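Peer 1: Please see the structure below; I have some questions.
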Amino acid sequence: MSLDSESSPSSTRDWFFPPQSFLHSYPAKSPTYIRRFSETSRISRRYADHQRYRKSSSCISDSHSCSSTSNDAKFARTRRRIDFDRRSDLSLKRSESEFSSKRKLEQSDVSSSAKKVSDTSRLFRSFDSTLKVRWRFLAIAASIFIVIFATLLHENSSLQEQVNGLEARISNLNIKLRACNLFDSGSEDDVRSPDELADFMDKRLKTLALIASLTLLLAPIVILKYIDSKSRSLEHNLEEVSLNKQLLYKVDVFFSVHPYAKPLALLIATLLLIMLGGLALFGVTDDSLVDCLWLSWTYVADSGNHANSEGIGPRLVSVSVSFGGMLIFAMMLGLVSDSISERFDSLRKGRSEVVEQNHTLILGWSDKLGSLLNQISIANESLGGGTVVVMAERDKEEMELDIAKMEFDFKGTSVICRTGSPLILADLKKVSVSKARAIVVIAEDGNADQSDARALRTVLSLTGVKEGLRGHIVVELSDLDNELLVKLVGGELVETVVAHDVIGRLMIQCARQPGLAQIWEDILGFENCEFYIKRWPQLNGMQFEDVLISFPDAIPCGIKVASRGGKIVLNPEDSYVLQEGDEVLVIAEDDDTYAPAALPTVGETSFIHIARPTRKPQKILLCGWRRDIDDMIVVLDAFLAPGSELWMFNDVPENEREKKLVDGGLDISRLENISLVDREGNAVIRRHLESLPLESFDSILILADESVEDSAIQADSRSLATLLLIRDIQAKRMPVRGAKTVAYRGSVSQGSWIGEMQQASDKSVIISEILDPRTKNLLSMSKISDYVLSNELVSMALAMVAEDRQINDVLEELFAEEGNELHIRQADLYLREGEELSFYEVLLRARQRREIVIGYRSAHAERAVINPPAKHERRKWHLGDVFVVIAEKE
C-alpha cells in the first residue's frame, strides 16, 4: 500500500491512533500510555506538515501564479506550528516528569507503609518471644487496626486527589489538541473521560475496603487460634504461665478494677462493628464511605432496616451487621439490667448514703433497741416526728422486718436501716455521722468484756471522723470498770450509761423501798413525765421557794448554776436566788407543755414535827452471781443500817468467792454496816432453797446469773423459776390463816396458790432482774413480785441522755451513794388524817424538811401520779397515801 493512498484523514487517524481496545489495555495513570501517546502525536503532526508542504509545491508547479511572499508566509506558519509543537513536547515532558516524581513519592509512601507493617510484624514477633509483655497484645492489635483504617483513609484521599489532577490535565490536553486540529468531533469518544477514571479508582478503593474489612474480621480469630496453640505448647512447662491465662487474667483485672469497663467494652465493640460494616458496605455498594458508615449504624440500631437491601453482597453484609447489632443490643440490655439490679440490690442491702441532718444515729443491735426506738419516737412526737438511723452488722431486710414486728406506734418518726460496721470510717460517713445530733452506741448481747471493748473501738472511730461531730455520743457499757477508759478516749463528747451498775442500784433502791420501780419507769420514759432543763429570764432574781410554785404544769427540782460552770444542783436551798444565765430543772410531761405563771395564792402551812424513824438492821438475800456484785455490796453497805446481814446464795464455790470479790476491787475489811453470809447452792433446785430461812428475809434480790446472762430468755426463765419456788416455800412456812378471799382481776379465788403467794409477798419484798420485756406481763399479772425491767429501763436512760446529755448528771446523782435520791414517804410526815390541802401546800410543808414532792400515790391506787394537774385545788388526804419526794440520802 502506497503512502499516497493512505493520505486521507480517516486512514491517517486509523493508522497513527491505536484502537480503543489498545487504549484500554493501559491504565489512564500509566506512564507508558502517556509516553506512547506523546510519540504518536508528534509523528502525526510531522506527517501533516509534510502533506501540506507537498500540496503547496504542487500548487506552485501547476499554476506558476503563487508569489514568493505567500510561500514565505506559509513556511512561517509551518515554523510557528513546529515551534508550538516543540513547546507542546516540552510541556508534555514536564508533565511526564512531574507525574513520574509524584509516582515515586507515592511509591515511597507505599514503601514506608510497608515498612511500618513490617515493623509491626517484628513487634508482634518480639511480643510473642517475651512473656512479660504479652498482655500488650490487645493494645497492639487495636493499634494495627487503627493504622490500617488510617492508611485506607489516606489512600482514599490520595487517590481522589490524583484522579482530580489527572482529570484536570486531560482536560487541558484535550483543549490543546483541539486547538491544533488534531482531533475531530468523533475522536473524543476514543479517550477515557474523567468520570470513567473516577469510576475506575472508586472500584479499586471499594475492593481494598472489602478486603480490609474481611481481614480485620478474620484477624482476631487467627490471633486467638495462635494464642491457644502457643498456650497448649507451654502446658508442659509448669513454671511458665501461658499467654491465654495471662490475657484472661488481664481482662479479669481490667473488668474488676475499673467500674466503667463493661460500658467501655460495649462502646468499643459497637464502634468496631459499625466501622467493619461500613467498610464492607462500601465495598459492595456504590455509596460513599460516610453514607455506608451511617447505613451500618442504622443496621446496628435497628435490625429491621436490612430488609431494603438489594443484591447478594449488600444483603449478606446487612444481615451480618444486623446480627451483630442484635448481639450488641442483647449485651446492652444485660448490662443495663445488671446495673439496675445492682442499684436496687445496693438499696435493698442498705449500701446507699443517708442524706440527713439532726437525726439520731444508733450504732449496734440488741434486745434493747425496740424500747429505745419507742422512747425516741415518743420524744419526737411534739416535733411532728424525726429521723432515726440504725446501722448494724446485719442484713438490712432482717432489721426492717424485726422493726416492723415491734408493737408500738412510731408517731411520725422514720427509722432508716443501713448495713455497716461502726469501726469503718467509710460506713460512718455513709450514715452522715458528722451531722447527727446524737449518737447512741448500744452494747451488744453477749460477753460484757467483748461488748465494752467493741464500744471502746467504736468511740475511737467516731473521734477519728475528719469532719468532726455535731452531736454528743451516748455509750452503753456493761462493766463499771471500763467507764473511765471510755471517757478518757471520748473526752467531753462522751456520756456513759453503765447498764449493770444502773440496774444494780435500782434493784437496791427498790428492795429498800417497794414500788420505786414503777416511779423510775414513769420518770425515765417519755410516756409520762421526765426531766427538762430550760432558761427562763423572767425568773431571774426570784428565790427558789417561789420558783417551786411558779409552774402550774411542772415541778422544779433543781437549778443549773451558770456561775459554777453549768453544774446542776438538785434540791437547792430555798433562799437561793436565780441569777442571769441560770436554768431550771423541772419534771414535766413535755418540753413545750409548761411555762412559768403568776405566783398562786397558797395558804400558810403549819409545821408538823414528826421525827423520822431510825433505820433498822435488815436481812437481805442475793440469789445469783453478777460480775458487778462487788459494787452492789458497796452500795448496800452505804444504804443499810449497822448490823445488817447480806446473804449470798449462788453456785460459786465459797473458797472462790472471796478471791473474785477481791479481784473486783472489794475490801471486805472496810465494810461497816453489813456482814456477809455465804451459802452455796443452785437457785432453781427446791431442796437447796429450802435450806435457807426464806421467811426471815426483809428483801430478796434475784439476779440474772452471770452464767446465763448472754441469753435473755434463759436468764429470765431461771429468775422466774427461782421466784416461784421462793414464794411457794414462803407460803408453806407461813402460819395457817383463816379462809381469805382473794380478788384477782375481777375474779375471786379462795385458797389459790396465787393468793398464797400474794400473802407471802405482803410479808417480804422480792426484786427480780428481768431482761426480756415479754416476761413483764407474767409478773404484772401474778402480782407476786415488785419487778425491775432491766433492758427497758436502760433503754429509757439512753433515750433521755440522747435527747439531752445534761440529764446524765441528774441520773448519776440520783443513783449515787451520796447526794439526793428518790424516796417514798408516808403521808403522816406531812399531814393528818382527813386533812384537806392543795398539792402546793403539801409541797411547801415538805420544803420544811428540805424535800421536794414530785408526786403521790393514793392508798387504793396501783400507780403513782407524777407531776399531778390542778396543783392549787384542795383534796382530802389519808394516812395510807404515800408521797414521792427527792431528798438527801439517809
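The values are calculated or read from the model by the stated rules, or taken from the named source; none is laboratory data. From a predicted model like this one, the values you see are computed outputs, not experimental measurements. No Cβ is skipped: glycine too gets one built from the backbone with ideal geometry, and neighbour counts run over all protein chains shown. Heavy atoms of the whole protein, side chains included, go into the accessibility calculation; ligands, DNA and RNA do not. Shrake-Rupley method; radii C 1.70, N 1.55, O 1.52, S 1.80 Å.
Okay, residues lined up against (1) among the small types (G, A, S); (2) under 22 Å from Q618 (Cβ atoms); (3) modelled with pLDDT of 90 or more; (4) touching a strand residue (DSSP E or B) at 6+ places or on another chain (Cβ under 8 Å):
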position: R679; (1), (2), (3), (4): no, yes, yes, yes
position: V684; (1), (2), (3), (4): no, no, yes, no
position: S696; (1), (2), (3), (4): yes, yes, no, yes
position: I702; (1), (2), (3), (4): no, yes, yes, yes
position: V708; (1), (2), (3), (4): no, no, no, no
position: A712; (1), (2), (3), (4): yes, no, no, no
position: S717; (1), (2), (3), (4): yes, no, no, no
position: L723; (1), (2), (3), (4): no, yes, no, yes
position: R727; (1), (2), (3), (4): no, yes, no, yes
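Peer 1: Being surrounded by 12 or more Cβ atoms within 10 Å (Cβ to Cβ), among the acidic types (D, E) and over 24 Å from Q730 (Cβ atoms) is true for just one of D663, D631. Which residue is that?
Peer 2: Unique residue meeting the criteria: D631.
Let's see how each residue does on (1) of a type in the set (D, E); (2) surrounded by fewer than 19 Cβ atoms within 10 Å (Cβ to Cβ); (3) touching a Leu at 6+ places or on another chain (Cβ under 7 Å); (4) not assigned by the TED database to the domain that holds S707:
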{"site": "V433", "(1), (2), (3), (4)": "no, no, yes, yes"}
{"site": "S451", "(1), (2), (3), (4)": "no, no, no, yes"}
{"site": "A455", "(1), (2), (3), (4)": "no, no, yes, yes"}
{"site": "V465", "(1), (2), (3), (4)": "no, yes, yes, yes"}
{"site": "L485", "(1), (2), (3), (4)": "no, yes, yes, yes"}
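Peer 1: I'd like the full set of residues that are farther than 18 Å from T360 by Cα and aromatic (F, W, Y), limited to the stretch 379-438.
Peer 2: Residue satisfying the conditions is F408 alone.
Each row is one residue, and each column tells you yes or no for (1) of a type in the set (A, V, I, L, M, F, W, C); (2) in a helix (DSSP H, G or I); (3) modelled with pLDDT under 70; (4) outside the structural domain of L279 (by the TED database).
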residue	(1), (2), (3), (4)
R125	no, yes, yes, yes
K132	no, yes, yes, yes
I146	yes, yes, no, yes
T151	no, yes, no, yes
S157	no, yes, no, yes
Q160	no, yes, no, yes
V163	yes, yes, no, yes
L166	yes, yes, no, yes
R169	no, yes, no, yes
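Peer 1: Quick one: which residue in L578, L640 is among the hydrophobic types (A, V, I, L, M, F, W, C), at pLDDT 90 or above and within 57 Å of the chain's Cα centre (by Cα)?
Peer 2: Checking each option against the conditions leaves just L578.
Peer 1: For the stretch 833-858, enumerate the residues that are assigned to a helix (DSSP H, G or I), touching a strand residue (DSSP E or B) at 6+ places or on another chain (Cβ under 7 Å) and free of Cβ contacts under 8 Å to residues at least 60 places away in the same chain.
Peer 2: Across the stretch 833-858, the qualifying residues are V842, A846.
Peer 1: Residue check, V317 against (1) free of Cβ contacts under 8 Å to residues at least 40 places away in the same chain; (2) among the β-branched types (V, I, T); (3) crowded, with 21+ Cβ neighbours inside 10 Å, all met but one. Which one?
Peer 2: Against the list (1) free of Cβ contacts under 8 Å to residues at least 40 places away in the same chain; (2) among the β-branched types (V, I, T); (3) crowded, with 21+ Cβ neighbours inside 10 Å, V317 comes up short only on (1).
Peer 1: Is one or more of the residues making up the stretch 468-475 open to solvent by less than 10 Å² (accessible area, probe 1.4 Å) and over 28 Å from the mean Cα position of the chain (by Cα)?
Peer 2: No; the residues of the stretch 468-475 include none that is open to solvent by less than 10 Å² (accessible area, probe 1.4 Å) and over 28 Å from the mean Cα position of the chain (by Cα).
Peer 1: In the stretch 392-440, how many residues are of a type outside the set (D, E, K, R) and in contact with a strand residue (DSSP E or B) (Cβ under 9 Å, 6 or more places away or on another chain)?
Peer 2: 21
Peer 1: Pick from I416, I439: which is under 24 Å from T496 (Cα atoms), modelled with pLDDT of 90 or more and not in a helix (DSSP H, G or I)?
Peer 2: Only one candidate passes the filter, namely I439.
Peer 1: Exactly one condition in (1) at pLDDT 90 or above; (2) farther than 30 Å from E589 by Cβ is not met by R343; state its number.
Peer 2: The number of the failed condition is (1).
Peer 1: Which one of A846, A864, A816 is within 23 Å of I508 (Cβ to Cβ) and buried (at least 18 other Cβ atoms within 10 Å of the Cβ)?
Peer 2: A864 is the lone residue from the list that is within 23 Å of I508 (Cβ to Cβ) and buried (at least 18 other Cβ atoms within 10 Å of the Cβ).
Peer 1: Can you name every residue in the stretch 681-717 that is part of a helix (DSSP H, G or I), under 42 Å from the mean Cα position of the chain (by Cα), closer than 21 Å to A511 by Cα and not small (G, A, S)?
Peer 2: E706, D716
Peer 1: Now for a separate question. So which strands (runs of 3 or more DSSP E) are wholly in the stretch 515-634 and hold at least 3 residues that are farther than 23 Å from A870 by Cβ and not acidic (D, E)?
Peer 2: Fully inside the stretch 515-634 and qualifying: 554-561, 567-570, 619-623.
Peer 1: Of all residues being basic (K, R) and in contact with a Ser or Thr (Cβ under 9 Å, 6 or more places away or on another chain) in the stretch 345-372, which is least open to solvent (accessible area, probe 1.4 Å)? Just the residue, please.
Peer 2: K368
Peer 1: From the residues in the stretch 512-535 that are more than 16 Å from A379 (Cβ to Cβ) and open to solvent by less than 10 Å² (accessible area, probe 1.4 Å), which one is nearest to the chain's Cα centre (by Cα)?
Peer 2: Ranking the candidates gives W520 first.
Peer 1: Out of all the residues in the stretch 497-520, which are over 18 Å from E817 (Cα atoms) and among the β-branched types (V, I, T)?
Peer 2: Within the stretch 497-520, I519 is the sole residue that qualifies.
Peer 1: Is it true that some residue in the stretch 408-418 is over 30 Å from E589 (Cβ atoms) and either surrounded by fewer than 16 Cβ atoms within 10 Å (Cβ to Cβ) or touching a residue at least 24 places away in the same chain (Cβ under 8 Å) (or both)?
Peer 2: yes
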